[in-house]
1. Using modelled amide H (1.01 Å from N, peptide plane; none on Pro or chain starts), what sits under 5 Å from the amide H of Met118, excluding residues fewer than 5 places away?
2. How high is the relative contact order of the range 82-162, in percent, counting Cα pairs under 8 Å that sit 6 or more residues apart?
3. From the backbone phi of the range 186-195, what are the Karplus-calculated ³J(HN,Hα) couplings (6.51 cos²θ - 1.76 cosθ + 1.60, θ = phi - 60°) in whole Hz, Gly and Pro given as x?
4. If you take the beta carbon distance between Asp162 and Asp219 as r and set R0 to 41 Å, what does 1/(1 + (r/R0)^6) give as a FRET efficiency, to the nearest 0.05?
5. Could you tell me the relative contact order of the chain? Use alpha-carbon pairs under 8 Å, at least six residues apart, and round to a whole percent.
6. Taking the alpha-carbon distance from Lys150 and a cut-off under 18 Å, which aspartates and glutamates remain once sequence neighbours fewer than 8 residues away in the same chain are dropped?
7. Pull up the cross-link candidates among the lysines for Lys232, meaning alpha carbon to alpha carbon under 22 Å and not fewer than 8 places away within one chain.
8. Could you report the range 148-200's accessible area per residue, 1.4 Å probe, as an integer in Å²?
Amino acid sequence: MQATLIKALFSVTLLISPAIISAQAYQCRAPQVSSVPQISPDQRPRVVPVTGYTLALSWSPAFCRTRQDARSHRVQCSGDNGRFGFVVHGLWPQGARTYPQWCGSQTRLTPPQIRQNMCMMPSARLIARQWAKHGSCMVKRPETYLAVTKVLWESLRIPDYDRISREDGLTAGRIRQAFADANGRMWQASHVGVKLNRDGWLEELRLCYNKRFRPMRCDDRRYGARDEVSAKIWRGL
């Protein structure tokens, strides 16, 4: 599995032109990290064959709307370390009917590994949890999990959702099509899941990949809101 992922990572890297890489954070100053949060499984381990992956991107302005003063989300939401648009929620392996989780690993994250990735995932606890719950079901070492996540992340172009948020009649379909249009011929709207909250505000994009990290059609579990559903994007900047 480790060798297969590294080979797939290399093939993805070859597809990325430096000209299309764009920073996703509006600004970012990674804080010092002196320790690694302790994460305990909250469900039973589940080991199933991996059939693909999901890269979940959280829309930070909406996430931080009610969390500006939350100590646990200070890096992402206080503004002291910069302002964020989309951030990585996690890279999740998928199975045919469910997803693997909490597979266990004897290899621990280190504070430098967390700090190096906090402009991508601006929470030490989030990074530690994503490795423990999802990354441990993909590879043996956290640095490999984070490297694969970062390559996928840095290959993306994010549309101007601030401008799109001001359009009349905004829908989930418009949100996913804008992402596909910004990211070239490999991406189609059907490869992009859109998660809205119960009031119709954008929460996440869920990008669907096959085992070789090529974009693929999202199944119903990941596709989220149908194209015709009305949507809103909280700007908060």
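The values are calculated or read from the model by the stated rules, or taken from the named source; none is laboratory data. Computed from a prediction, not measured in an experiment: that's the story for all the values here. A quick note on method: Cβ atoms are made from the backbone with ideal geometry, for glycine too, and the neighbour counts reach across all protein chains shown. Keep in mind that these areas ignore ligands, DNA and RNA; they rest on the heavy atoms of the full protein, side chains included. Shrake-Rupley method; radii C 1.70, N 1.55, O 1.52, S 1.80 Å.
1. For Met118, whose amide H was placed from the backbone, there are no distant partners under 5 Å.
2. RCO, the range 82-162: 36 percent.
3. Running phi through 6.51 cos²θ - 1.76 cosθ + 1.60 with θ = phi - 60° gives 5, 9, 10, 4, 5, 8, 10, x, 10, 9 Hz.
4. 0.85
5. Taking the mean separation of contacting Cα pairs over the length of the chain, I get 25 percent.
6. Hits, sequence-local ones excluded: Glu204.
7. Those lysines meeting the cut-off are Lys195.
8. So the range 148-200 comes to 48 Å² accessible per residue, rounded to a whole number.
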